[in-house]
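Written out below as C-alpha cells is the structure these notes cover.
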Amino acid sequence: MIIDSLLDTDLYKFSMMQVVLHHYPAAQVEYRFKCRNPGIDLVPCIDEIRAELAGLCQLRFSAEELDYLRGWRYIKSDFVDFLGLFQLNEKYVEISPAADREGEIDIVIRGPWLHTILFEVPLLAIINEVYFRRTSAGLDLAEGRRRLRGKIALLRDTPDYSGCRIADYGTRRRYSRAWQEEVVGSLRDGLGNQLAGTSNVWLARKLGLTPLGTLAHEYLQAHQALGPRLRDSQVAALEAWAREYRGDLGIALSDVYGLNAFLRDFDMYFCKLFDGTRHDSGDPFEWGEKVLAHYRANRVDPRSKVLVFSDGLDIPKVMKLYRHFRGRCLLAFGVGTNLTNDVGPQPLNIVIKMTRCNGQPVAKLSDSPGKNMCEDEAYVSYLRRVFEIPAPVTESAG
C-alpha cells in the first residue's frame, strides 16, 4: 500500500477538520479532480488507484498516533476521540474515465465534509505514485539526489542566508512516499535549523520535526455557503477560525478572492489578531509589498508579522524573496514539488478542489487565474461582482 497511515497527510487537514467537527458537522460538500498537464493519460491507472483507495479506507488511527495528536496544544480531546472512531469510506468517491476528454479521468468526492476532508491529500499522493510507477519504473534516483544535494548546499553555504528557513510542503505532488521521506530526512540532516519542519504529519512524527500548516482554500470557499451572507463569508471564516484556536495557527490565507478583496476584509482587528498571512498566487514581491503597507496603514509593525510564501517555490526564488524582505518582517517559505518531485520526469500538476458546499457552487478567484476552478460561470460572475473583482483580460466579456 502507498498510504499505510492516516497521518500521511498535511497538518491543515486536521486543523480544518477540527473546526468542521465543532462548527459545521452537518455540512455536505463536493470535490473534483483536475490534472493541469496537457496530454497526460491517467486512464490506465484507474484500477490501481481504486485498489489503493480501498486500502486507504481500511486504515484507522493507532493508539500511538492518537497520543501524538493529543499532545498538540491546539488539538482538543474530543476531536482526538472522534478520530479514534474515524474511518474513510470509499462510497463517497467516484473514479471513472472522463466521458468527453480522452486520457483524462474524473474523480468526484461527495458527502459530509467531516467524512470527506481527509481524502484529498492521500488521493493525490496515490495518483502521483501510481502514475510514476507505471511511467518511470526502475528510475535511477541518483539524479534526484544530485539535485537535492545542490539545493541543500546552495541554501546552507551561501553567506548571509543562515536565517533563511524552509519547510517541506510537498506531500500532494511527491514522486513517491519513500522519496519524500528521503528528501525530508536529507533536508533535516543537511540544513539543521534551516529546515523549519514539514506539512506532512506522518513524517513530522517519524523524523522528529515540527508539523506545519493552518488552513487551505477549501475552508474559506465553504464559507460562501456557510456564512451569514456571501460578502461577509471571508470575515465569517476568519472569525470562526479565531474562535476555535484562540491565537494558535494564526496564518491567514489571502488569495481566495484575490489580495485586494482580502485586504478590504483584513482590517485592524485581524491584522493584530493573526500572526501573519500566506501567499499562494500572483506575484510574490508585489503581494508582500502590499501586505506590509497594509500592516503599516493599520498601525501594526510589520516586523512582528509573518509572511509565508508557498506558491511554486524553488530554492533560488526562496533566496530572492528572503533577500528582498529580510529585516522588514518575519519570513517563512513552504517548498513543495521542487523538493519532492524533482527527479527527472515532469511532475504532475494535479489538484482536488472543493466545488460545492450544501448544494451550492463555491469558487476560488485567486490572483493567478489558471488556479481558479468552478464549473458554474454564472456563480463566478456573481462572486466577482460581490467582491469587486475585475475579470482577467484573458476572459471573454460574455
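Remarks
- Every residue from the range 314-353 that is in contact (Cβ under 8 Å) with a residue 60 or more places away in the chain and in a strand (DSSP E or B): 326, 331, 332, 333, 334, 335, 350, 351, 352, 353
- Any chance residue 147 is basic (Lys, Arg) and either touching a residue at least 40 places away in the same chain (Cβ under 8 Å) or outside any helix (DSSP H, G or I) (or both): yes
- Scanning the range 150-166 for residues that are loosely packed, with under 15 Cβ neighbours inside 10 Å and either among the hydroxyl-bearing types (Ser, Thr, Tyr) or under 18 Å from residue 307 (Cβ atoms) (or both) gives 158, 162, 163.
- Within the range 6-42, considering residues that are polar (S, T, N, Q) and surrounded by fewer than 18 Cβ atoms within 10 Å (Cβ to Cβ), the one modelled with the highest pLDDT: 28
- The lone exception for residue 91 - which of (1) under 30 Å from residue 16 (Cα atoms); (2) modelled with pLDDT under 95 it fails: (2)
- Condition check for residue 161: over 13 Å from residue 342 (Cα atoms), in the same structural domain as residue 196 (by TED's automatic domain parsing) and in contact with a strand residue (DSSP E or B) (Cβ under 8 Å, 6 or more places away or on another chain): no
- Residue match in the range 191-207 (condition: over 29 Å from residue 382 (Cβ atoms) and among the hydroxyl-bearing types (Ser, Thr, Tyr)): yes
- Residues of the range 43-70 that turn out to be more than 25 Å from the chain's Cα centre (by Cα), more than 17 Å from residue 33 (Cβ to Cβ) and either surrounded by 16 or more Cβ atoms within 10 Å (Cβ to Cβ) or acidic (Asp, Glu) (or both), as a count: 1
- Selection status of residue 123, touching a strand residue (DSSP E or B) at 6+ places or on another chain (Cβ under 7 Å), assigned to a helix (DSSP H, G or I), buried (at least 17 other Cβ atoms within 10 Å of the Cβ) and not assigned by TED's automatic domain parsing to the domain that holds residue 202: yes
- Residue in the range 272-313 that is farthest from residue 254 (Cα to Cα), counting only those that are among the polar types (S, T, N, Q) and assigned to a loop (DSSP other than H, G, I, E, B): 298
- Counting the residues of the range 31-53 that are closer than 13 Å to residue 135 by Cα and not aliphatic (A, V, I, L, M) gives 3.
- Just one of the listed residues (208, 197) is without any contact (Cβ under 8 Å) to a residue 40 or more places away in the chain, under 30 Å from residue 186 (Cβ atoms) and surrounded by fewer than 18 Cβ atoms within 10 Å (Cβ to Cβ), namely 208.
- Inter-residue pairs, beta-carbon under 8 Å, first surrounded by 12 or more Cβ atoms within 10 Å (Cβ to Cβ) and in the range 71-91, second of a type in the set (Ser, Thr, Tyr), 6+ apart: 74/15; 74/245
Okay, residues lined up against (1) assigned to a helix (DSSP H, G or I); (2) modelled with pLDDT of 95 or more; (3) farther than 23 Å from residue 298 by Cβ; (4) in contact with a helix residue (DSSP H, G or I) (Cβ under 6 Å, 6 or more places away or on another chain):
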site	(1), (2), (3), (4)
206	yes, yes, yes, no
219	yes, yes, yes, yes
224	yes, yes, yes, yes
237	yes, yes, no, yes
264	yes, yes, no, no
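- Of all residues in the range 229-256, those that are assigned by TED's automatic domain parsing to the domain that holds residue 280 have Cβ atoms under 7 Å from Cβ atoms of residues that are surrounded by fewer than 18 Cβ atoms within 10 Å (Cβ to Cβ) and assigned to a loop (DSSP other than H, G, I, E, B), 6 or more apart or on another chain, in 236/228; 245/74; 248/73; 248/74; 249/74; 250/275; 251/275.
The values are calculated or read from the model by the stated rules, or taken from the named source; none is laboratory data. Just so you know, these numbers come straight off a predicted model, no measurement behind them. Glycine also receives a Cβ, built like all others from the backbone with ideal geometry; neighbour counts cover every protein chain displayed.
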